[in-house]
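My questions will all concern the structure given below.
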Amino acid sequence: MSYIIKFTFKFFEMATYISQLTLDIELVSSELLVILPGFI
């Protein structure tokens, strides 16, 4: 039983990490869209 709880916890940890990562990527790409036209 405990391994199911561990797995679920690990899964949520991964999901949180991935969602955080995609948020970071979105922020960076939106910043690039703002910065790049200034260079071109």
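Nothing in this text is a laboratory measurement; each read-out follows from the coordinates by a stated rule. Source: prediction; values computed, not measured. When we count neighbours, we look across all protein chains shown, and the Cβ atoms used for this are built from the backbone with ideal geometry, even at glycine.
Just to be sure I understand the model, the point goes 7 Å from the Cα along the line to the Cβ. What's the resulting LEU21 to SER2 distance in nm?
2.9 nm
Please provide three numbers in whole Å: the alpha-carbon extents of the chain along the principal axes, with the largest listed first.
58, 8, 5
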